[in-house]
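The structure appears right after this line, and notes come after that.
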Amino acid sequence: MAVSVFGELLITAGLVLGLFVVYSLWWTNVIADRAADKQADKVRDIWAHQDEDSGRPAEFDAKNGIGFLHVPAMTKGDILVEKGTTSSILNDGVAGYYTDPVKATLPMSDKKGNFSLAAHRDGHGAKFHNIHKLEKGDPIVFETKDKWYVYKVYAVLAETSKYNVQVLSSVPKESGKTKAGHYITLTTCTPVYTSRYRYVVWGELERVEKVDEERTLPEELR
């Protein structure tokens, strides 16, 4: 009798654990992707109906989103970028730019610095799940209302401490750079399905293109 009850308890525990895994790795993605799509549509609608007399660029005014990240070697489609890297933001299936402990330099400001970003690797949209597929020379394109910022990957750090904030520095010396420039940094958790360490990819701005009326994609995205 005792053995039978214990066996049933193990089966029940296994089912509960299985449901939790399904929820964590599948259902949270569904919910997050829906939220991200809704916010993305909202940002593009703001861009389309921006008041030209507002006096400020739409990329600073757009509610809950400043632009879209395109990384063809990592994922299909675009990734909405919002302000902040807290779980409440990233859980909505977006990438967020750092405001703490190191403040990211937005490319629209034209200042030299590091446009540092984070996103989940598993669950909640998992936008950076395939970050390990990025290699030197791969394009990373950031889209705003008026411009395309085309970066090229130049360094990868496959594992570092989650407390290593130096990777977010304006001049990311761990990437091999010693002078100020226009950099982009993508960060996420590693190994897969854990948050023990951080995976880091660095890129450098290669050029800026003005968005035309048809929003023609840069050649790297065609």
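Taking the Cβ of residue 179 as the center, what net charge do the other residues with Cβ under 15 Å away carry, scoring Lys and Arg +1 and Asp and Glu -1? Could the numbers behind the result be given before it?
Numbers: positive: 111, 112, 173, 177; negative: 174, 204.
With Lys, Arg at +1 and Asp, Glu at -1, the neighbours total +2.
Would you please calculate the Kirkwood hydrodynamic radius of region 98-222 over all C-alpha pairs and express it in Å, rounded to one decimal? Kindly include the intermediate steps, with their values, before the conclusion.
Details: mean 1/r = 0.0665 Å⁻¹.
About 15.0 Å, per the Kirkwood formula over Cα pairs.
Pop out the ³J(HN,Hα) list for region 186-191 in order, Karplus 6.51 cos²θ - 1.76 cosθ + 1.60 with θ = phi - 60°, rounded to Hz; leave Gly and Pro as x.
Per residue, the Karplus-derived 3J(HN,Hα) values read 10, 10, 7, 7, 7, x Hz.
Taking the Cβ of residue 195 as the centre, find all other residues whose Cβ is under 12 Å away and add up their charges (Lys, Arg: +1; Asp, Glu: -1).
Numbers: positive: 121, 162, 196, 198; negative: 122.
Local net charge: +3.
Given H placed 1.01 Å from N in the peptide plane, which residues other than close sequence neighbours of residue 160 have an amide H under 5 Å from its amide H?
Here the answer is 198, since their amide H atoms fall under 5 Å of that of residue 160.
Whole-Hz Karplus ³J(HN,Hα) for region 163-179, in order, using 6.51 cos²θ - 1.76 cosθ + 1.60 and θ = phi - 60°, x for Gly and Pro?
Those phi angles translate into 9, 7, 7, 5, 5, 9, 4, 4, 10, x, 5, 5, 8, x, 8, 10, 10 Hz.
Can you pull the semi-axes for region 119-172, root of five times each eigenvalue of the Cα gyration tensor, sorted largest first, whole Å? Numbers along the way, then the final one.
Numbers: eigenvalues 84, 56, 35 Å².
Equivalent ellipsoid semi-axes, largest first: 21, 17, 13 Å.
Taking the Cβ of residue 70 as the center, what net charge do the other residues with Cβ under 9 Å away carry, scoring Lys and Arg +1 and Asp and Glu -1?
With Lys, Arg at +1 and Asp, Glu at -1, the net is -3.
Using θ = phi - 60° and the Karplus relation 6.51 cos²θ - 1.76 cosθ + 1.60, list the HN-Hα couplings for region 95-101 in order, rounded to whole Hz, with x at every Gly or Pro.
Rounded to whole hertz, the list is 9, x, 8, 5, 10, 7, x.
Say each of residue 178 and residue 216 gets a label point 7 Å from the Cα, pointing the same way as Cα to Cβ; how far apart are those two points in nm?
4.1 nm
Could you pull out every residue, at least 5 positions away or on a different chain, whose amide H is within less than 5 Å of the one on residue 113? Hs are placed 1.01 Å off N in the peptide plane, and Pro or chain starts have none.
For residue 113, the qualifying residues are 181, 182, 183.
Keeping the other protein chains in place, figure out the carbon and sulfur percent of the accessible area of region 33-177, with a 1.4 Å probe. Please report the intermediate quantities before stating the final value.
Working: 3120 of 6940 Å².
Here it works out to 45 percent.
In whole Å, what are the extents of region 83-171 along the principal axes defined by its C-alpha atoms, from largest to smallest?
32, 28, 26
The values are calculated or read from the model by the stated rules, or taken from the named source; none is laboratory data. What you see is a predicted model, and the numbers here were worked out from it, not measured in a lab. Ideal geometry is used to build each Cβ from the backbone, glycine not excepted, and the neighbour counts take in all protein chains shown. Accessible surface areas use protein heavy atoms only, side chains included; no ligands, DNA or RNA. Shrake-Rupley method; radii C 1.70, N 1.55, O 1.52, S 1.80 Å.
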